[in-house]
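Novice: Please read through the structure below; I'll follow up with questions.
The values are calculated or read from the model by the stated rules, or taken from the named source; none is laboratory data. Fair warning: this is a prediction, and the values are worked out from it, not measured in the lab. Cβ placement follows ideal geometry from the backbone for every residue including glycine, while neighbour counts extend to all protein chains displayed. Surface accessibility is based on the protein's heavy atoms, side chains included, excluding ligands, DNA and RNA. Shrake-Rupley method; radii C 1.70, N 1.55, O 1.52, S 1.80 Å.
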Amino acid sequence: MKLSQTFLAAFALSLLLPLSAARASDYPPDYPLCSVYDSATTGPFEVIRHTRRLPGRLATLTIAYRGFLRGLYPDSDISLYVQLNGRQQLIQARAGTNNDAYVFLDAGPRGCGKCMRYMNTPLCNAHFEAGGQEGVWVCEQPTAVERDLFFYAFDANGNQNAWDISVAATAHGQWDSNLGSNYFARLPARSSCW
């Protein structure tokens, strides 16, 4: 059989394989498939959701604060009250680079790496100490605060529910809270990020 005939035969056989078997499948769990932003401004707050995969929990939430408390206190003294679909947390803000104090929350796995025995990283060491196998993707997981806050953010299929978000800022007993009503933003439900 000539080389071109061999190639044609191999190509014809590859067409018979199921499509799912032909796809690369060893991407890390935090591999983004898309990138879409939803944002809203409410009072002195900007609320930004960045979605990187749906279905799935690869989404982040950034809340930036540019209110009057920043003129009275350092950003490190400001905490942001965040309520997402009924779950609430008070989170220490950080100084941002866009003239704001902000919090950044991640709903999904991050910092994934495939662990091999020769690796000496805290994530892989913990994986192997727990009896994990070599060649497995291991990721940092959301913090307890993130797990609680994002509890109702996704449905059972990994699609995003609409995100009803209430926010306020506090420092040293003073509040920027829309006279106690909190500031409100709604980000739309998503079942796709294409």
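Novice: Just give me the residues in region 129-151 being in contact with a helix residue (DSSP H, G or I) (Cβ under 7 Å, 6 or more places away or on another chain) and part of a loop (DSSP other than H, G, I, E, B), in sequence order.
Specialist: none
Novice: Could you check residue 144 against (1) at pLDDT below 95; (2) surrounded by fewer than 19 Cβ atoms within 10 Å (Cβ to Cβ) and say which number it fails?
Specialist: Every condition holds for residue 144 apart from (1).
Novice: In this structure, is residue 183 of a type in the set (Ser, Thr, Tyr) and buried (at least 17 other Cβ atoms within 10 Å of the Cβ)?
Specialist: yes
Novice: I've got another one for you. Anything in region 161-175 that is surrounded by 13 or more Cβ atoms within 10 Å (Cβ to Cβ), out of contact with any Phe, Trp or Tyr (no Cβ under 6 Å at 6 or more places or on another chain) and either hydrophobic (A, V, I, L, M, F, W, C) or not in a loop (DSSP other than H, G, I, E, B) (or both)? List them, or say none.
Specialist: Across region 161-175, the qualifying residues are 163, 164, 165, 170, 174, 175.
Novice: Against the conditions (1) at pLDDT below 95; (2) surrounded by 19 or more Cβ atoms within 10 Å (Cβ to Cβ), where does residue 126 fall short? Just the number, please.
Specialist: Failing condition for residue 126: (2).
Novice: Give just the number: which of (1) within 17 Å of the chain's Cα centre (by Cα); (2) open to solvent by 20 Å² or more (accessible area, probe 1.4 Å) does residue 84 not satisfy?
Specialist: The one condition residue 84 does not meet is (2).
Novice: Where the second residue is in a strand (DSSP E or B) and the first is basic (Lys, Arg) and lies in region 95-118, which pairs have Cβ atoms under 6 Å and are six or more apart or on separate chains?
Specialist: 110/140; 114/137
Novice: Please specify each residue of region 28-38 satisfying the condition of being open to solvent by 30 Å² or more (accessible area, probe 1.4 Å) and under 12 Å from residue 56 (Cβ atoms).
Specialist: Within region 28-38, 29, 30, 31, 32, 33 qualify.
Novice: Follow-up question, since we're still on this one. Can you tell me which of (1) assigned by the TED database to the domain that holds residue 41; (2) of a type in the set (Lys, Arg); (3) more than 22 Å from the chain's Cα centre (by Cα) is the one residue 147 doesn't meet?
Specialist: (3)
Novice: Look at region 88-113 and say how many of its residues are closer than 14 Å to residue 168 by Cβ and touching a Pro at 6+ places or on another chain (Cβ under 7 Å).
Specialist: 0
Novice: Regarding residue 100, is this residue under 23 Å from residue 179 (Cβ atoms), of a type in the set (Asp, Glu) and open to solvent by 50 Å² or more (accessible area, probe 1.4 Å)?
Specialist: Judged against the criteria, residue 100 is not a match.
Novice: Consider only pairs whose beta carbons are under 9 Å apart and that are at least six residues apart or on different chains; among these, list those whose first residue lies in region 59-86 and is under 26 Å from residue 111 (Cα atoms) and whose second residue is among the small types (Gly, Ala, Ser) and surrounded by fewer than 16 Cβ atoms within 10 Å (Cβ to Cβ).
Specialist: Listed by first residue and then by second, the contacts come to 62/39; 76/95.
Novice: Here are 51, 41: which of them is at pLDDT 95 or above and open to solvent by 90 Å² or more (accessible area, probe 1.4 Å)?
Specialist: Among 51, 41, only 41 is at pLDDT 95 or above and open to solvent by 90 Å² or more (accessible area, probe 1.4 Å).
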